[in-house]
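Notes to accompany the following structure.
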Amino acid sequence: MKSNRHGQSRVLSTDELDLLISKLPEQHHKIVAEICRRTGCRIGEATQLTWGMVSSAATTFPKDVCKGKLAGRQVPMTKPLWEALCAWRSTWIERQGRDPSSADFIVPGRYQGSHMSSRAFMDALKAASLESGLQGVSSHSFRRSALTAAHASGVPLKVLMSLSGHRSLSSISRYLEVTQEQQEQAANCFA
């Protein structure tokens with residue numbers, strides 16, 4: 001479990017994710033968390049998204065926002081994320097006083113033309129995890145939780161890799177948590 005920036009971040013259940021997101025202080029923090037939860041992306045990738053990178057079909061992460069800047073990827077849009085983005089867009093318009101352009105950041109930062117910083121989100125996440133009583137939570141909990149849940153639902157590793165941007169089985173395997181129940185079910189399948 002993650003402690004003082006050491007170890008792996010905790011994988012959260014659906015209920016724990018709901019609780020944690022509900023404790024985030026502002027709607028702009030909540031939309032970043034929803035993007036991470038529903039796409040399995042990193043915090044830095046979510047905060048750098050512009051309105052032109054999302055559509056009712058997919059969220060596009062261009063290579064310049066992805067870790068290592070080697071390759072981009074697309075994640076199909078889910079209904080819960082699309083609904084959250086549409087609700088946030090209405091709030092965005094109220095706050096900014098205009099419709100967003102495709103180049104506008106989904107979550108603007110403190111300064112004109114900037115996006116929310118990862119640090120600002122992580123500070124809010126730390127307070128939310130304390131308030132919710134969830135230990136071992138970090139920004140990577142959203143990514144690990146998304147990938148672990150998809151894997152537990154039977155999504156093949158190759159598909160997960162295409163959605164997460166991992167380039168090897170060894171790198172994605174570090175994200176996936178194996179439960180005692182899964183081990184017992186596998187042991188019952190032994191010949």
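None of the figures in this text is laboratory data; all of them are computed from the coordinates on show. If you're wondering where the values come from, they're calculated on a predicted model, not measured in any experiment. Ideal geometry is used to build each Cβ from the backbone, glycine not excepted, and the neighbour counts take in all protein chains shown.
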Next item on the list: Would you please put 71-82, 33-44 in order of how densely packed they are, using the mean number of other Cβ atoms within 10 angstrom per residue and starting with the highest?
Entry: 33-44, 71-82
Next item on the list: Provide Ser117, Ser9, Ser168 in ascending order of the number of other Cβ atoms located within 10 Å of each residue's Cβ, fewest first.
Entry: Ser168, Ser117, Ser9
Margin query: How much of the DSSP bridge set in the chain is antiparallel, in percent, rounded to the nearest 5?
Written below: 100 percent
Check: Sorted from largest down, what three extents in whole angstroms do the Cα atoms of region 14-137 have along their principal axes?
Finding: 38, 35, 28
Check: So how do 46-56, 125-135 stack up, highest first, on mean other-Cβ count within 10 Å?
Finding: 46-56, 125-135
Checklist line | region 14-137, relative contact order [Cα under 8 Å, separation at least 6], % | finding: 31 percent
